[in-house]
1. What are the residues whose amide H is under 5 Å from the amide H of Gly119, where those residues sit 5 or more places off or on another chain and H is modelled from the backbone?
2. Relative to 2.2 N^0.38 Å, what does the C-alpha radius of gyration of the stretch 3-71 come to as a ratio? Two decimals please.
3. Before I look further, what does the stretch 23-104 give for accessible area per residue, probe 1.4 Å, in whole square angstrom?
4. Using a 1.4 Å probe on the protein chains only, how many percent of the accessible area of the stretch 3-71 belongs to carbon and sulfur?
5. Using a/c under 1.5 as the rounded threshold, could you call the stretch 108-177 rounded, prolate or oblate? The axes a ≥ b ≥ c are square roots of the C-alpha gyration tensor eigenvalues, and prolate needs a/b larger than b/c, oblate otherwise.
6. What translational D, rounded to a whole number of µm²/s, comes out for the stretch 45-165 from Stokes-Einstein when the hydrodynamic radius is the Kirkwood one over Cα pairs, at 4 °C and 1.567 mPa s?
7. May I ask you to order 55-63, 219-227, 156-164 by the average number of other C-beta atoms within 10 Å around their residues, highest value first?
8. When you have a sec, figure out the Kirkwood radius of the stretch 42-111 from all distinct Cα pair distances and drop it here in Å to one decimal?
Amino acid sequence: MSEVSALAQRIDALLPQTQCTKCGYAGCRPYADAIASGQASYNQCPPGGAEGVARLAKLLDRPIIALNPDNGAERPRPRAVIDESLCIGCTLCLQACPVDAIIGAAKLMHTVIEDRCTGCDLCVPPCPVDCIDMVPVTGERTGWDAWSQTQADDARSHFEVNQARLAKDRAAREARLAARAARVAPAAPGTPSAPASGQEVSPVAQTGDVAPAPSPVADEAAAAAARKQAIIQAALARAREKKAALAAEGLAPKNTTHVSAAVQAQIDEAEARRKRLGLSPDDDAAPSGADSTPQKV
């Protein structure tokens, strides 16, 4: 292990492991690497607060300096709370949570595992209906007074499990796409597709003059999809009414300003996915084609 890598490991051990990205990096370990290599200062971690800066200063044999306000302010530790009456089950908050503290399934309401939530705020910006509040749960205690080493160690373990699962899911998805591409490799132009082995093709099917009649199963599936869309449209309408009421009181959506570049990148990625799913909060169309696979914790 190189000297810089060893130092980064020691720095990482002193960070709160909330994985909030407020430091400007993708997580606690990338931030530790940046400090060790001289690319970042040791005063960019709001969850660690003043004590966190002092811990790092002692390790690095540097002077104690103030927390950089550009990265945020030290505060009581919050916990995410989902208004389940407004949740539309879009799964965007599940994807944003770095420690798998949110459980639910597509098009079903989600909830937060209280003991796992690190108060990172990352689930708030992607929510298209603004149904997540960050509620302070440590009274006047802030920084490391509001967070223990045991909680930091547990958060690191949950984050590592989360990252391993995501890597496994990506590998499986890439394998499925590769297998699908191999099965549907395009034939030469003008070449008709060959029927499967043992399959007979009728003259009508070959000419394509007569389209098959829709089946009752297809009609039932279409009706079910329409019912789901109506339910989601109603949820979006309720959320828009809530936002309009808040706007009338001069209250803006939460946690959408002064975010780091890393968080903004996550917001942009969530927005792109939301558009692919038809989940734009300004669009009356309900989402279609969303994955209905439950998200694992």
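1. Ala80
2. Working: Rg = 10.4 Å, N = 69, 2.2 N^0.38 = 11.0 Å.
Compared with the compact-globule rule of thumb, the stretch 3-71 sits at 0.95.
3. Details: 3420 Å² over 82 residues.
It amounts to 42 Å² per residue over the stretch 23-104.
4. Details: 1670 of 3170 Å².
After summing per-atom areas, the C and S share lands at 53 percent.
5. Values: a/c = 3.21, a/b = 1.50, b/c = 2.15.
It is oblate, given that a/c is not under 1.5 and a/b is not larger than b/c.
6. Details: Rh = 15.6 Å.
So the translational diffusion coefficient is about 83 µm²/s.
7. Working: 55-63: 13.8, 219-227: 10.7, 156-164: 15.9.
Most protected by this proxy first, the peptides run 156-164, 55-63, 219-227.
8. Numbers: mean 1/r = 0.0684 Å⁻¹.
So the Kirkwood estimate lands at 14.6 Å.
The values are calculated or read from the model by the stated rules, or taken from the named source; none is laboratory data. Just so we're clear, the structure is a prediction, and the values are computed from it rather than from any experiment. Note that each Cβ is placed from the backbone with ideal geometry, even for glycine, and that neighbours are counted across all protein chains shown. What goes into the accessible areas is simple: the full protein's heavy atoms, side chains included, and nothing from ligands, DNA or RNA. Shrake-Rupley method; radii C 1.70, N 1.55, O 1.52, S 1.80 Å.
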